[in-house]
Amino acid sequence: MDAGKKIRVLVVDDSAFMRKVLQGIIVSDPQLEVCGEARDGRDAVAQAEALKPDVISMDINMPHMDGLQATEIIMSSNPRPILVVSSESRDGAEVTLKALQLGAIDFVAKPSGGIDLDMSAVKEEICRKLKMASKVRVVRNATRSKLPPPPARGSSGADSLELSRMASGPRAGKFPLIVVAASTGGPATLMKFAPYFPKDFPGAVVVVQHMPGNFTAQFSKQLEEVSQIKVKEAEAGEIIVPYHMYVCPGSHHLRVSPTGRITLDDGARIGGYRPSADAALETAASYAGPMTIAVILTGMGNDGARGVQAVKAAGGHVIAQDESSAVIFGMPQEAIKTGVVDQVLAVETIFQAIEKRMQYAFGAAKVGAL
């Protein structure tokens, strides 16, 4: 984007009133301008092709063609950065997450009722996310994140079979704890990354994804549908066990107690974030020590940068997603800047790196080095 050039926004919403409200929000920011409007998905596809906007504000529930269908067509034929503006209902959570899987960059939860006063409460968020989305390099959905196909459900690769044998040997009470942190771009990335964990994966996985609290239960279910490993939304007080992936509720911080239990609290934001990846990483490192593996995926901001230092200090291993495969390189880059990241990898190679690190950890545990 040239300095001084305004970011051109296509506003898509079936409500004429909501389009007017969104226009008012957008033009109030000196860096943004409205280049066009669309009243449904079919109109959105046509306008995206004709106007070539820098970013699209996309409604979901519309007549003729909904926002999901429009997003899929745009991202497969004429990719543009898309910001979803949806309701916060349970149905809204499901369809919004689907839009993210189809290639939308981020979303803003439309306040209940959607009246002018309510929308003013998310004015800053809309403008900030439109500007952020406009900078993302988008590609056609067919070529996004070229992950090799994961193993068939119920099967394990040779490395995973070896891990299972090692995990059942001496000192088998110890198991690796993998903490995965993500923000913008995370849902789609995790939907492709999670299937690589086999059902007999001899470690536990904790996922900290920045999203509203009423979205994470649905997100856990969607991850469960595509995964081999057991996936669930984390609950306060439960003991962390292998063969499970725990998704932190978006409304709470997750910490690992000294006895390996999950604790949740809805206290103040930490470093601007709730849930805080730093809180999960620091307490995971205290509990699992050298058996901790930190994975920092796509996202805005610096959440996780402090936590990975705790993981490294405890003898753990730190992996950051590389710039070429990340939707937003912010969180991985900030982790890399700390100097403690062991590997910077494309998302398609991260799971293999986790397996190799676990082989080392189990081997070291067997001889008493851990």
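Numbers below:
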quantity: Elements of type helices (runs of 4 or more DSSP H) contained in the range 41-129, each with 2 or more residues being modelled with pLDDT under 90 and under 19 Å from MET300 (Cα atoms); calculated: 90-101
quantity: Check on LYS199, outside any loop (DSSP other than H, G, I, E, B), at pLDDT 90 or above, charged (D, E, K, R) and surrounded by fewer than 23 Cβ atoms within 10 Å (Cβ to Cβ); calculated: no
quantity: Residue count, the range 303-353 (criterion: crowded, with 19+ Cβ neighbours inside 10 Å, modelled with pLDDT under 95 and either in the same structural domain as ALA133 (by TED's automatic domain parsing) or in a loop (DSSP other than H, G, I, E, B) (or both)); calculated: 5
quantity: In the range 25-45, residue nearest to PRO79 (Cα to Cα) [restricted to those that are in contact (Cβ under 8 Å) with a residue 40 or more places away in the chain and not charged (D, E, K, R)]; calculated: LEU32
quantity: Qualifying residue in the range 218-231 (condition: β-branched (Val, Ile, Thr), closer than 28 Å to TYR360 by Cα, assigned by TED's automatic domain parsing to the domain that holds HIS252 and surrounded by 24 or more Cβ atoms within 10 Å (Cβ to Cβ)); calculated: no
quantity: When residues of the range 11-22 are limited to those that are crowded, with 17+ Cβ neighbours inside 10 Å and in a helix (DSSP H, G or I), the one nearest to the chain's Cα centre (by Cα); calculated: LEU22
quantity: Some residue of the range 281-291 being in contact with a Lys or Arg (Cβ under 8 Å, 6 or more places away or on another chain), under 22 Å from VAL318 (Cα atoms) and part of a loop (DSSP other than H, G, I, E, B); calculated: no
quantity: Selection count, the range 253-280, where residues are assigned to a helix (DSSP H, G or I) and either free of Cβ contacts under 8 Å to residues at least 40 places away in the same chain or of a type in the set (S, T, N, Q) (or both); calculated: 2
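The values are calculated or read from the model by the stated rules, or taken from the named source; none is laboratory data. This structure is a prediction, so every number in the text was calculated from the model and none was measured. When we count neighbours, we look across all protein chains shown, and the Cβ atoms used for this are built from the backbone with ideal geometry, even at glycine.
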